[in-house]
Amino acid sequence: MIEYPVSFVGLPIGNREDITRRALEVLEGVDCVCCEDTRNTGMLLSHYGIRKPLLSLHEHNENARAPEVVARAQAGERFAVVTDAGMPGVSDPGYRLIRALKEAGVAFTVLPGPSAVVTALVGSGLPCDAFFFGGFLPVKSGKKTQVLQTALAATHTSIFYESPFRIVKTVKLLAELDAGVPICVARELTKVFETYHCGSAAQLAAEFEKHPPKGEMVLLVGGTNAPRTAVAE
């Protein structure tokens, strides 16, 4: 039984088997699934034998789509909101819809699920007692340098998403700013080629120069309280 008009559902970040039983029950019970990419979500639902109407909800149409979802939920429809991977709202669409639901007084719930941020943090070996998530790093070098300098000066671990096409240059930049800072590049989390590249910025810059990494990346930077010894891979 679906208790809430709208459920925000965390989905696997790579391995389909990481989906929860509760998530599957909600997806099977709703009237419609709001999703970032209907093709990706359609394939996941098909894998589990679930067929539901899909409604696109992504960064470019979330503001416009939110009133429609609110109105339909008020009329009695039940929705699940998902993104392509991980938790809705975390560097993905979702928070604008939640704000619209709150303003309209429509009840919703959030189902916990996989998160690349927390998975990478735990696997990095860097301090986990306090951390900062900065989303995607800026593309422009000047702004990126400012963000990384702030991370280097922090007293906690900083976590960022970075493109595989820019990760080599980004690690080189970190090595120029502080060669000894402990960092980790978590790659292809929960997938077949999952790898944690850990060490000093200088060590990883040299490694990536010879063997550029591929796949989806999470970059973690140790702050001033992090140990200045290389973390074993």
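Listed values, structure above:
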| item | result |
| --- | --- |
| Residue within segment 210-224 that is assigned to a loop (DSSP other than H, G, I, E, B), closer than 17 Å to L126 by Cα and at pLDDT 95 or above present | yes |
| Selected residue [over 30 Å from R16 (Cβ atoms) and surrounded by fewer than 17 Cβ atoms within 10 Å (Cβ to Cβ)] from T155, T195, T190 | T155 |
| Residue count, segment 96-144 (criterion: exposed (fewer than 14 other Cβ atoms within 10 Å of the Cβ) and under 14 Å from the mean Cα position of the chain (by Cα)) | 3 |
| Residue in segment 120-156 that is nearest to T195 (Cα to Cα), counting only those that are touching a Cys at 6+ places or on another chain (Cβ under 7 Å) and touching a residue at least 60 places away in the same chain (Cβ under 8 Å) | S124 |
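The values are calculated or read from the model by the stated rules, or taken from the named source; none is laboratory data. Treat the numbers as computed from the prediction; the structure is a model and nothing was measured. Glycine also receives a Cβ, built like all others from the backbone with ideal geometry; neighbour counts cover every protein chain displayed.
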